[in-house]
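Down below is the structure, laid out as structure tokens.
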Amino acid sequence: MNKSELTDAIADEADISKASAARALDAALNAIQGSLQNGEPVALVGFGTFSVRERGARTGRNPRTGEEIEIAAAKLPAFKPGKALKDALN
């Protein structure tokens with residue numbers, strides 16, 4: 001499912017226009033992104049938790065030349081599914 005299909009599904013489920021559904025989806029995604037940028041996790045009870053994880057710097061290897069390279073530390077988004085979501089899939 002892509003963003004357009006998700007917007008259509010939201011519009012059908014909530015009985016609102018596709019434009020309103022698109023604005024609501026964009027607002028929700030922007031709110032989640034903003035919270036993660038501030039280092040705050042986003043917990044959606046029954047669905048899961050979005051958080052930021054830090055990956056430390058490490059030494060890698062260029063596969064073409066075999067030369068060692070330094071890979072910088074990075075912050076990565078993470079998602080941990082909630083119990084209700086896990087149960088719905090099984």
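Where a number appears in this text, it was derived from the coordinates with a stated rule and is not lab data. Predicted model, so just to flag it, every value in this text is computed and none were measured. Glycine gets a Cβ as well: all are built from the backbone with ideal geometry, and neighbour counts include every protein chain shown.
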**OP:** For the stretch 61-68, just list the computed ³J(HN,Hα) in residue order, Karplus coefficients 6.51, -1.76 and 1.60, θ = phi - 60°, integers in Hz, with x standing in for Gly and Pro.
**Re:** 9, 6, x, 6, 9, x, 6, 6
Original post:
Using 0.36 nm per residue, how much length does the chain from L89 to M1 gain when fully extended, once their Cα-Cα distance is taken away?
Top reply: 30.1 nm
Original post:
Which of S35, S20, S51 moves the most in a Gaussian network model of the chain with Cα springs under 10 Å?
Top reply: S20
**OP:** Compute the acute angle (0 to 90°) between the alpha-carbon long axis of helix 18-37 and the principal axis of greatest extent of the alpha-carbon atoms of the chain; round to the nearest 10°.
**Re:** 40
**OP:** For the stretch 1-40, restrict the atom set to alpha-carbon positions and state the Rg and Dmax in Å.
**Re:** 11.6, 34
Original post:
In whole Hz, what ³J(HN,Hα) sequence does the stretch 50-57 give by Karplus (6.51, -1.76, 1.60; θ = phi - 60°), x for Gly and Pro?
Top reply: 8, 8, 10, 10, 9, 10, x, 5
Subject >> For the chain, built as a Gaussian network whose Cα springs stay under 10 Å, the top-fluctuating residue of G34, G60, G48 >> reply: G60
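Just flag the GluC sites (Glu not before Pro) in the stretch 1-80 sitting in loop per DSSP whose Cβ has no more than 13 other Cβ atoms within 10 Å.
Listed in order of number, the matching sites are E67.
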Original post:
Among G34, N2, A21, whose Cα sits farthest toward the positive end of the charge dipole of the stretch 1-40 (+1 at Cβ of Lys/Arg, -1 at Cβ of Asp/Glu, about the Cα centre)?
Top reply: G34
**OP:** Express in nm, to one decimal, how much length is gained between A28 and R55 on full extension, taking 0.36 nm for each residue of separation and deducting their alpha carbon distance.
**Re:** 7.1 nm
Original post:
Rounded to the nearest 20 Debye, what is the dipole magnitude of the chain about its Cα centre when Lys and Arg each give +1 and Asp and Glu each give -1 at the C-beta?
Top reply: 380
Original post:
With the radius of gyration and the Kirkwood radius both derived from the Cα set of the chain, what is their ratio Rg to Rh?
Top reply: 1.15
**OP:** Once you've got the GNM for the chain with C-alpha springs shorter than 10 Å, pick whichever of A27, A14, A73 has the biggest mean-square fluctuation.
**Re:** A14
